[in-house]
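Okay, structure first, notes after.
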Amino acid sequence: MIDWEPLWLSLRLSLVTTVILFLIALPLACWLAYTRFRIRAVVESLVSLPLVLPPSVLGFYLLLAFSPSHAFGKFLDHYLGLRFVFSFPGLVIASILYSLPFMVNPVLSGLKSLPPSLKEASYTLGKSRFSTLVNIILPNIRPSLLTGIVLSFAHTIGEFGVVLMIGGNIPGQTRVASLAIYDEIQSMHYTAANQYALILFAFSFTILLIVYIVNHHFSKVNPLP
Amino acid sequence: MKRNSTNPAISSDRPCFLRFKAFKTLQTADGKLPLDISFELDKGSLLTIYGNSGAGKTTVLRMLAGLTDIESGHIEVEGEAWRDTSRKINIPARRRSIGLVFQDFALFPHLTVKENLAFALQKGDDKRLIDELIELMELQQLQDSRPARLSGGQQQRVALARAIVRKPRLLLLDEPLSALDDDMRFRLQDYILKAHQQYQLTTILVSHHLPEIFRLSDKVICLEKGQIQRMGRPSDIFTGEKLSSKFKLTGEIIEITQADIVFIISVLHANSIVKVIATADEVKGLRIGDKVLVASKAFNPVILKIG
């Protein structure tokens, strides 16, 4: 029987990453959708960078930044007692950066496709920005929110390069499922590798299938004007 | 015909409901368009802003609502400044007492008709108002439906009802009837008039449909390229030049009686009643309460010196 620890760790990492990412990405996407600052293009590029950048590049720079032998890492270590290299929190930070476009972009396109009059109507009915966001905007971009959440979750499960760079391969700490597969292949345990791979394959497929079915249902129930 | 100049004397000698004076350079498809408009409005009136597309009609409504800012000028309602660039006052849209019916109605797709109306309630408002409005707009059958299942006319009624929930001082309608056929238009004009009277609203309507303007409004502003061209009563503005009549007056029908084969229509004009004879054909389509123009082409008045 295979060791379930890496799968469980992957799941935990994805869950934590997705929750934090959602809380970060929502205000960021709102800002990107409604701001008129020129700097927006720069921020948008930075957010989308992980789509094109090799994961090893991101991992490498994070490793440098968080390494206790460098200024920033030293500062974290000395004053805050935080060490992100080769640790679970480090993995979470790396995953958040790496999955950022997968959460921000769907939410952003959802916000942009919403007619501005909905937001304005809510203002003219005496509602605050926050109330408008919670009661009007978010319920009307549910498909985008779901897409963002699920893509980020699934993408974090499938992460390899960044995790390898920043996390190393410590069992129970940073040895996630994708690393476990690599490990088993390296040690010629093809059966175990196959089992991990099959589980990940089935899991990812099921998740995407659910998203498409649910989103199809949403668009039938609540078509936008 | 009143040419609207920027005369500061206008704004100080009598109290009025709304004072609007705004300047803004608009970015349009044809380049820059300076919008420079000022007007005043009395409480309870129904003003139509008329003009070609791109004249700035919607922008004026949006400025009143606080959705589009002005570069300089002031907006004042019942003595309360909503926007004053010189005093740096800018009350945000949600604090202005307005009801705005958007051209696309902007109904919230995820809420039912009733929920759409209830969303406009403020803390402590009487919930019975919702039922009252649903009844006034005859939406009882539809109150639990989502907007997507409603026809254009039904959506318009919901949007109108929702805009009134807050009992706004100013009701703004942005071409609410443009997407509807004539029959539906006519019925919805009734709803607008009903709401306007029942809740004693002051209403500003954007429209370029002449019959609608005659039927609904008591004042018209003609906008052209961001400037007011003419301002006055609909009859003064639209019929003045087209009819070659020597005599005309406008009034409200207060009575229609039949006398043999003709009808006698009593029209209230200012404080006097004018009786006009009409044929059965002419009476068709006229109802008590309609605003009409009485004009005569071959007219030979008697002039007597008095005093």
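Just to check your reading of the model, which residue among A:190, A:212, A:182 is touching a residue at least 12 places away in the same chain (Cβ under 8 Å) and out of contact with any Ser or Thr (no Cβ under 6 Å at 6 or more places or on another chain)? After ruling out the rest, the residue left standing is A:182. Counting only helices (runs of 4 or more DSSP H) that sit completely within the stretch B:151-220, those holding 2 or more residues that are among the β-branched types (Val, Ile, Thr) correspond to B:152-164.
Conditions (1) away from every other protein chain (no Cβ under 14 Å); (2) more than 24 Å from residue A:150 (Cα to Cα); (3) part of a helix (DSSP H, G or I); (4) of a type outside the set (Val, Ile, Thr), marked per residue:
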site: A:163; (1), (2), (3), (4): yes, no, yes, no
site: A:166; (1), (2), (3), (4): yes, no, yes, no
site: A:169; (1), (2), (3), (4): yes, yes, no, yes
site: A:174; (1), (2), (3), (4): yes, no, no, no
site: A:180; (1), (2), (3), (4): yes, no, yes, yes
site: A:183; (1), (2), (3), (4): yes, yes, yes, yes
site: A:199; (1), (2), (3), (4): yes, no, yes, no
site: A:205; (1), (2), (3), (4): yes, no, yes, yes
site: A:219; (1), (2), (3), (4): no, no, yes, yes
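Residues being more than 14 Å from every other protein chain (Cβ to nearest Cβ) and within 10 Å of the chain's Cα centre (by Cα) are represented in the stretch A:131-148 by at least one member. When you look at residue A:108, is it closer than 30 Å to residue B:121 by Cα, in a helix (DSSP H, G or I) and away from chain B (no Cβ under 14 Å), yes or no? Answer is yes for this residue.
Only one entry of A:89, A:54 meets the criterion of being surrounded by 12 or more Cβ atoms within 10 Å (Cβ to Cβ) and of a type outside the set (Ser, Thr, Tyr), and that entry is A:89.
Residue A:81 fulfils the conditions (1) surrounded by fewer than 20 Cβ atoms within 10 Å (Cβ to Cβ); (2) under 23 Å from the mean Cα position of the chain (by Cα); (3) more than 18 Å from residue A:152 (Cβ to Cβ) except for a single criterion, (2). Note on the stretch B:69-95: residues that are in a strand (DSSP E or B), more than 14 Å from chain A (Cβ to nearest Cβ) and either among the aromatic types (Phe, Trp, Tyr) or touching a strand residue (DSSP E or B) at 6+ places or on another chain (Cβ under 6 Å) (or both) total 10.
Before we move on, is residue B:204 within 17 Å of residue B:43 (Cβ to Cβ), aliphatic (A, V, I, L, M) and touching a residue at least 24 places away in the same chain (Cβ under 8 Å)? Answer is yes for this residue. The C-beta contact set for the stretch A:58-74 (first residue more than 13 Å from residue A:98 (Cα to Cα), second residue aromatic (Phe, Trp, Tyr) and surrounded by fewer than 16 Cβ atoms within 10 Å (Cβ to Cβ), distance under 7 angstrom, 6+ apart or interchain) comprises A:65/A:72.
Filtering the stretch A:70-93 to residues that are among the small types (Gly, Ala, Ser), touching a Ser or Thr at 6+ places or on another chain (Cβ under 9 Å) and part of a helix (DSSP H, G or I) leaves A:73, A:90. Consider residue A:122 carefully, then state whether it is within 12 Å of another protein chain (Cβ to nearest Cβ) and crowded, with 19+ Cβ neighbours inside 10 Å. Yes: the conditions hold for residue A:122.
Kindly indicate whether any position in the stretch B:26-48 is at pLDDT below 90 and either part of a helix (DSSP H, G or I) or among the hydroxyl-bearing types (Ser, Thr, Tyr) (or both). Yes. Please tell me if residue B:224 is within 28 Å of residue B:35 (Cβ to Cβ), modelled with pLDDT under 90, crowded, with 20+ Cβ neighbours inside 10 Å and not assigned by TED's automatic domain parsing to the domain that holds residue B:253. No, not satisfied.
Here residue B:212 passes the criteria (1) outside the structural domain of residue B:185 (by TED's automatic domain parsing); (2) modelled with pLDDT of 80 or more; (3) crowded, with 16+ Cβ neighbours inside 10 Å except the one numbered (1). Please find, within the stretch B:116-126, the residue that is nearest to residue B:148 (Cα to Cα) out of those that are within 8 Å of another protein chain (Cβ to nearest Cβ) and in a loop (DSSP other than H, G, I, E, B). Out of the qualifying residues, it is B:120. Residues of the stretch B:96-115 that are of a type in the set (Val, Ile, Thr) and either within 7 Å of chain A (Cβ to nearest Cβ) or part of a loop (DSSP other than H, G, I, E, B) (or both): B:98, B:112. Regarding residue B:58, is this residue in a helix (DSSP H, G or I) and surrounded by fewer than 23 Cβ atoms within 10 Å (Cβ to Cβ)? Considered against the rule, which asks whether it is in a helix (DSSP H, G or I) and surrounded by fewer than 23 Cβ atoms within 10 Å (Cβ to Cβ), residue B:58 comes out as yes. The listed residues are A:71, A:25, and the only one of them that is more than 18 Å from residue A:89 (Cβ to Cβ) and buried (at least 19 other Cβ atoms within 10 Å of the Cβ) turns out to be A:25. Looking across B:107, B:18, one residue alone is touching a residue at least 60 places away in the same chain (Cβ under 8 Å) and aliphatic (A, V, I, L, M). It is B:18.
The values are calculated or read from the model by the stated rules, or taken from the named source; none is laboratory data. Only a predicted model underlies this, so the values are computations on that prediction, with no experimental measurement involved. Counting neighbours? That spans all protein chains shown, and the Cβs are built from the backbone with ideal geometry, glycine included.
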